[in-house]
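Since the structure comes first, as structure tokens, the remarks are kept for the end.
The values are calculated or read from the model by the stated rules, or taken from the named source; none is laboratory data. Computed from a predicted structure; not experimentally measured. Glycine also receives a Cβ, built like all others from the backbone with ideal geometry; neighbour counts cover every protein chain displayed.
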Amino acid sequence: MHRRTTQDRSGAAAWPWAALSGVLSGVLSGGLTLGVGSLLAAFLVRSSDPVLGVGQEFIARTPEWLKEWAIRQFGQSDKAVLLGSLYATLALLFVVLGLLARQHLRLALVGVAVLGAAAVGATLNRPDATALSWLPSVVGTVAGAAALVLCTRVSRRRASAAASGPLSRRSVVLGGVAAVAAGSAGAGAAVTASRSVAQARSRIDLPAPASPAAPLPAGIDTVDGVTPYVTSAKDFYRVDTALSVPQVDVSTWSLRIHGMVEREVTVTFDDLLGEDLVERWMTMTCVSNEVGGNLVGNARWLGVPLTRLLERAGVQPDADMLLSRSVDGFTVSTPVADATDGRASMIAVGMNSEPLTDVHGFPARMIVPGLYGYVSACKWITEIEVTRFDRQTAYWTDRGWAEQAPIKTAVRIDVPAPFAKVRSGATVPVAGVAWAQTRGISQVEVSVDSGPWRTAELLPSVGENTWVQWTVGLDDLEPGNHTLRARATDGTGQVQTETVAKPIPDGSSGWPSKLFTIV
Ligand SMILES: Nc1nc2c(c(=O)[nH]1)N[C@H]1C(S)=C(S)[C@@H](COP(=O)(O)O)O[C@H]1N2
Ligand SMILES: [Mo]
């Protein structure tokens, strides 16, 4: 049997090379499209990057059930998973186009153009789109199309040529395209990195608060396995719709308060730092937190009281909504009544004595104790429009979530771990955290196998706006499987509801339970 080589002209023998070169053309053309696109986007807005633009559009259009599923499935990595899937899908599409181009170059170019058009549509549809947001997609697509034509031509020639050396025209063209693709992607990443807030943030010296937070009480964090009372910025949960974390230039940033006010107020970051700052402990919770979930964290927030800024602007009496807007176009609606009833609402610039990190809203965000994040905690805030609920809606309220969303009383069991095995005869340590921001927690109880409720010990806390750690020891349990339940009572004496509710539309409810075994 004669040896088949890629030089054979017989169809059967040529196909592996043909397929391989088609795949290569597709990958190179795709790489160039995305590389050039991201390089140009680095100089414009991030959302004009074709991939980020399409990804953001995907997030904006994802139905609620899919979003819930993705958060449950992938948690805090949901964005990485989305980006990864997007790149994988694009790679596959470009491979198909590269293969198609071998026989039907025009058709493949139509395919590239369709992808480019989708990217143009998505990038122009971003809330922070500029007049030039289409440019990276268009230039990237043209470059990618040209690369596809070039690669397809040289590889066709290769297939029909009798022989070619290592420095054939083919390798020069393919190598050149690969180099330009990689170079532009690298340069784009470098420009993006140079615009990151890391440097500006490290130069910020936060002033000492005129009104400091209560000192941490002795006795917190004294129980093994319980969630630490203070959550570091690094460990703080992150929830937002931003596929790439906004990098806000603090030297040009400002917050404008306008709409139904007596006079517009605009403050720069330096203006904020020049104010008498207050520092307060506040536990934040996401409305998407399931019973027993960990989308909750406690930090010491430094900022300017929101009421002070609103009084300066003069809120008109018939206004009932603050519509906060982020640099990326995300919006949050907050009831004026809640924000100004005397609770510690603020425009925060610091978290645990450090400037905000980029993921948590640098340079400034809103914090209103007692309201879920989506109706209060606007990150990268740049605008507060004072308006009315019968005139405006916000990002999540447009998607079926409630306008009024005070945080529900909740308790979480941290210890024992799920399905833990505990030695018979020993005291079973049980511990966790409970929260009812603005009302505080007055009691936590646990019950084993639907038995009588036993009262847990509450560890100290700084006040009603933060969670409280609790602990109780269980004795005299029979060997075997047991179900532990917990419930909290808030500072007004209200026991948290046993009624099980999903997060949508205004937060989950129900008593958490844990299974464990005495062995
Ligand atoms: N700009 C912007 N701000 C936002 C969001 C967002 O998607 N974009 N998400 C909100 C939600 S749903 C929550 S729970 C909190 C989370 O804040 P964190 O990520 O700092 O924990 O931010 C709020 N502020
Ligand atoms: Mo949230």
Would you point out which residue out of 348, 377, 420, 364 is more than 21 Å from residue 490 (Cα to Cα) and surrounded by fewer than 23 Cβ atoms within 10 Å (Cβ to Cβ)?
-> 420
Residue 444: crowded, with 18+ Cβ neighbours inside 10 Å, under 16 Å from residue 292 (Cα atoms) and touching a Lys or Arg at 6+ places or on another chain (Cβ under 8 Å), yes or no?
-> yes
Here is a list of conditions, (1) in contact (Cβ under 8 Å) with a residue 60 or more places away in the chain; (2) under 27 Å from residue 475 (Cβ atoms), and residue 426 meets all of them except one; can you say which number that is?
-> (1)
Would it be correct to say that residue 451 is out of contact with any strand residue (DSSP E or B) (no Cβ under 7 Å at 6 or more places or on another chain) and at pLDDT 95 or above?
-> yes
Result of the Cβ filter at 9 Å on segment 182-200, keeping first residues that are under 15 Å from residue 33 (Cβ atoms) and assigned to a helix (DSSP H, G or I) and partners that are modelled with pLDDT of 90 or more and acidic (Asp, Glu), at least 6 apart or interchain, is 188/49
Return yes or no: is residue 489 among the β-branched types (Val, Ile, Thr), buried (at least 18 other Cβ atoms within 10 Å of the Cβ) and within 20 Å of residue 217 (Cα to Cα)?
-> no
Of the residues in segment 73-115 that are within 15 Å of the chain's Cα centre (by Cα) and touching a residue at least 12 places away in the same chain (Cβ under 8 Å), the one that is nearest to residue 18 (Cα to Cα) is 83
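I need a count of the residues in segment 262-282 that are of a type in the set (A, V, I, L, M, F, W, C), within 28 Å of residue 508 (Cβ to Cβ) and more than 16 Å from ligand 2 (Cβ to nearest atom). Break it down stepwise before answering.
Step one: of segment 262-282, the residues of a type in the set (A, V, I, L, M, F, W, C) are 265, 267, 269, 272-273, 277-278, 281-282.
Remaining after also requiring within 28 Å of residue 508 (Cβ to Cβ): 281-282.
Among the residues that remain, those that are also more than 16 Å from ligand 2 (Cβ to nearest atom) are: 281.
Qualifying residue count for the region: 1.
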So which of 331, 307 ends up being within 16 Å of ligand 2 (Cβ to nearest atom) and either more than 22 Å from the chain's Cα centre (by Cα) or touching a residue at least 24 places away in the same chain (Cβ under 8 Å) (or both)?
-> 331
Condition test on residue 285, is it within 20 Å of residue 349 (Cα to Cα), modelled with pLDDT of 95 or more and within 16 Å of ligand 2 (Cβ to nearest atom)?
-> yes
Members of segment 277-304 found to be acidic (Asp, Glu) and assigned to a strand (DSSP E or B), listed by number | 279
Could you check, for segment 129-142, whether at least one of its residues is surrounded by fewer than 21 Cβ atoms within 10 Å (Cβ to Cβ), within 30 Å of residue 237 (Cα to Cα) and not polar (S, T, N, Q)?
-> yes
Which listed residue, of 395, 374, is touching a Phe, Trp or Tyr at 6+ places or on another chain (Cβ under 6 Å), of a type in the set (Phe, Trp, Tyr) and farther than 20 Å from residue 301 by Cα | 395
Filter segment 247-291 for residues that are under 21 Å from residue 301 (Cα atoms), hydroxyl-bearing (Ser, Thr, Tyr) and in contact (Cβ under 8 Å) with a residue 60 or more places away in the chain; which is surrounded by the most Cβ atoms within 10 Å (Cβ to Cβ)?
-> 285
